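The values are calculated or read from the model by the stated rules, or taken from the named source; none is laboratory data. None of these values were measured; they are calculated from a predicted model. Using ideal geometry, Cβ is built from the backbone for each residue, glycine included, and neighbour counts are taken over all protein chains shown. In case anyone asks, the SASA skips ligands and DNA or RNA and just uses the protein heavy atoms, side chains included. Shrake-Rupley method; radii C 1.70, N 1.55, O 1.52, S 1.80 Å.
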Amino acid sequence: MTTTAQTATATAVAAFDQVTKSYGNVRAVDGLSLALYPGETVALLGPNGAGKSTTLDLLLGLKNPDSGSVAVFGTGPREAIVAGHVGAMLQSGGLMDEVTVAELVKLACALHPKPYKADDVLARAGITQIADRKVNKLSGGQAQRVRFALATAGDSDLIVLDEPTTGMDVSARQAFWATMREQADQGRTVLFATHYLEEADAIADRVLVLHRGRLLADGTAAEIKAKAGARRIAFDLEGAIDESALRGLPFLTSLDVSGQTVRIQSTDADATVHALYGLGVYPRNLEVAGLGLEQAFVAITEAEEAKQS
């Protein structure tokens, strides 16, 4: 894991400098500037249409920016990939049919400038037991693990993963992320886009939030949660619940009533709880906590939508 002090002095593994990319009238990436550093595990988050896939395509040289520049290990993305610096696991593109898993992995190893042994790659990805199976006979989770094996067929310094655990069961996901931690501990940079925000919260050293092609937030999961500026308040009430009175509480940003349980979000939890008692109600099992990453993500993106509407 890279510390903030180490990051401040490290040479960037990859850097976007005021990058834009449009498709017709749609601006998929809008003036994006960011840098990735050695040993980081970085989560790329954003709602559908935020520009995550385009950002990864630009990083991997699959698309060219309309303006700005993308550098990977001090050179262009395609040159870095040819040199074996980058391994990628993408959702787009299929796997070769009518070949076995072992044959496909051996091919990937043979093509990599700094290859690992195929047997080691199979073992690391947890697919040794299906090595003789045809690729077109795999389940969704097994196919994902094969894609991971192809991304790590050689000694790459940057590993790029697009929704890597889609289709994997819980045990496979845990094993996958244990392997990724090992990669980062060895000094490699891991960048992954995901819709599983609990994974980003648990795994990432750093979280990037994209919205309409722009970088909305960049920091640790804790910093992203703090940026949302709200806290969760949960409690139980007995008897009839007056939702209209609760909606009048100060600093309230959301309200959810499920049976006798009330869950609210507030930008000033102390003032909200004080006013709650002023209503003459007596909350039981009162809990006040910071937002989880998912709630913070929703709060940040919704606030940005409100500004732009």
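Quick notes on this one:
- Yes/no for Ala108 being outside any helix (DSSP H, G or I) and surrounded by 14 or more Cβ atoms within 10 Å (Cβ to Cβ): no
- Per-region count, the stretch 33-61, residues open to solvent by 20 Å² or more (accessible area, probe 1.4 Å), over 15 Å from Val13 (Cβ atoms) and in a loop (DSSP other than H, G, I, E, B): 3
- Matching helices (runs of 4 or more DSSP H) fully within the stretch 111-200 where at least 2 residues are at pLDDT 95 or above, under 23 Å from Glu98 (Cβ atoms) and out of contact with any Phe, Trp or Tyr (no Cβ under 6 Å at 6 or more places or on another chain): 118-124
- Total residues in the stretch 267-283 satisfying the condition of being modelled with pLDDT of 90 or more and in contact with a helix residue (DSSP H, G or I) (Cβ under 9 Å, 6 or more places away or on another chain): the figure is 3.
- For the stretch 210-257, the set of residues classified as open to solvent by 30 Å² or more (accessible area, probe 1.4 Å), among the small types (Gly, Ala, Ser) and assigned to a helix (DSSP H, G or I) consists of Ala222, Ala226, Ser244, Ala245, listed by residue number.
- Residue match in the stretch 76-83 (condition: open to solvent by 50 Å² or more (accessible area, probe 1.4 Å), over 26 Å from Ala202 (Cβ atoms) and of a type outside the set (A, V, I, L, M)): yes
- Top-ranked residue in the stretch 258-278 [being small (Gly, Ala, Ser) and part of a strand (DSSP E or B); ranked as least open to solvent (accessible area, probe 1.4 Å)]: Ser266
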